Amino acid sequence: MISRKSGFEIERMRKAGELVARILSQVAKAVAPGITTGELNRMAEDAVERFGVTAAFKGYNGFPASLCVSVNDEVVHGIPGPRRLKAGDLVSLDFGVIYKGYYADAALTVPVGTVAPEHEKLIRVTREALWAGIEQARAGNRLSALSRAVQEHVEKNGFSVVRDFVGHGIGQEMHEEPQIPNFVLPVQRGYDPVLKPGMTLAIEPMVNCGGYRVRVSPEDNWTVTTRDGSYSAHFEHTVLVTGGEPEILTRVTPEAGNGEELITW
Amino acid sequence: MVAEGNIAGLRPGQKVRSIQGRDRGHEYLIVGFEGDRFLLVADGVKRTPARLKRKNLRHLQVSPLVDREIEQKITGGGRVTAEDIRRALARLRKTEPEEGE
């Protein structure tokens, strides 16, 4: 059962989304050679406190931080710590909050200093793939149209999409139905729901420079890395399906932004 | 934060039917996934949780029916027994009488 949100629920998710976008933007701006991933997490935690919301990831299935920081060949779920970023690194930041019982979730990958042209392209293509997916998040479309759009854009550009982890419905829980794969199967299968207004989806392509295979760190049981050691990027927005254009919930409206300079993606 | 994905929205506890191989026509429940192509299935009789059958997705017809009890047990990290699988398949057959054999 895919829940469809009512007006007041959407209002709360908008608010949650706006805070996610703002905090992620602030953290992303601080990314520079020399800063540690733990310091980035600290920034996110301070902001959470300042805004009086709850960090969605901390304690989620035992995740120990508020921000996922995944560097280079780390795909997602990197645990922030003493690691110091250096020029040429790719750093993926994934963050979510709970506002009055409702979740919003977003992610972006930023380059540290100057990075290899191949990795610059990886970031650009992953972000474009997210938007190709968002473009399909329309009432009446099937979920597979979204998955296909993401996959095609990625593979056309010579990269691969991660199979073992997927986007998800979001709302009163961080992970709701449906699962949102960033790929389609060669064989068409039964489960392919039609999107309807009021559905809220966390669309999040994870894209690897090399092969799509990944593994979960046996040490911390969280960090997902590429099997072949190739670099990976990750972009995500929480999106509302409407009767018309999809609405991005994880963004800051100009009024709410207060003239603050923000990174958008 | 991404969710752990199963193959294109398939769920543990979901019923499948073999359409290729010597077990053609046989029904199983999904109990696990291997990569993006293979499912681990059991019927609780010949194929038990200790001796799962590995089937290519292409060789299966997927039913929309999911046994919630099995799904919850598996996703909750619990163990399912052969008996659990047999009971679940029996329950699902009851809800889908037109498929009774």
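Every read-out reported here was derived from the displayed coordinates using simple, explicitly stated rules and does not represent laboratory data. This is a predicted model, so every value here is computed, not measured. Please note: Cβ atoms are built from the backbone with ideal geometry, for glycine as well, and neighbour counts cover all protein chains shown.
Brief remarks follow.
- Approximating the spin labels as points 7 Å out from Cα along Cα→Cβ, the B:GLN72-to-A:GLN172 distance works out to 1.7 nm.
- Computed over neighbours whose Cβ is under 12 Å from that of A:ASN258, the net charge equals -3, Lys and Arg +1, Asp and Glu -1.
- Within the shell defined by Cβ-Cβ distances under 10 Å, the residues around A:SER92 carry a net charge of -3, with Lys and Arg each +1 and Asp and Glu each -1.
- Amide H contacts under 5 Å for A:ALA65, placed H, 5+ residues apart: A:GLY59
- Prolate/oblate/rounded call for segment A:138-224, Cα gyration tensor, a/c under 1.5 rounded: oblate
- Inter-part distance where segment A:4-54 and segment A:127-159 are each reduced to a Cα centre, Å: 25 Å
- In order along segment A:6-16, the phi-based Karplus estimate (6.51 cos²θ - 1.76 cosθ + 1.60, θ = phi - 60°) of 3J(HN,Hα) comes to 8, x, 6, 5, 4, 4, 5, 5, 4, 5, 4 Hz; Gly and Pro are listed as x.
- Contour minus Cα-Cα distance for A:ALA116 and A:GLU135 (0.36 nm per residue): 3.9 nm
- Net charge of the neighbourhood of A:GLU204, taken over other residues with C-beta under 12 Å away and scored Lys/Arg +1, Asp/Glu -1, is -2.
- Gyration tensor verdict on the protein assembly as shown (Cα atoms; rounded if a/c is under 1.5, prolate if a/b is larger than b/c, oblate otherwise): prolate
- In segment B:7-75, trypsin sites (Lys or Arg not before Pro) in a DSSP loop with at most 14 other beta-carbon atoms within 10 Å: B:ARG22, B:ARG24, B:LYS46, B:ARG51
- Cβ charges +1 (Lys, Arg) and -1 (Asp, Glu), total dipole of chain A, debye: 260 debye
- Hz values of 3J(HN,Hα) by residue in segment A:80-94 - Karplus curve (6.51, -1.76, 1.60), Gly and Pro given as x: x, x, x, 4, 9, 6, 10, 4, x, 6, 10, 10, 9, 10, 10
- Using a cutoff of 8 angstrom between alpha carbon atoms and counting only pairs six or more residues apart, the relative contact order for segment A:53-155 works out to 19 percent.
- Fewest-first ranking of A:ILE180, B:ILE19, using other Cβ atoms within 10 Å as the exposure measure: B:ILE19, A:ILE180
- Förster radius 30 Å - calculated FRET efficiency between A:LYS156 and A:GLU245 (Cβ-Cβ, nearest 0.05): 0.80
- Computed over segment B:13-101, relative contact order equals 29 percent, with contacts defined as Cα pairs under 8 Å that lie 6+ residues apart.
- Three-way shape label, segment A:1-146, alpha-carbon gyration tensor, a/c 1.5: oblate
- Chain A: relative contact order in percent, alpha carbon pairs under 8 Å with at least 6 residues between: 24 percent
- Between the C-alpha center of segment A:79-113 and that of segment B:36-101 there is a gap of 38 Å.
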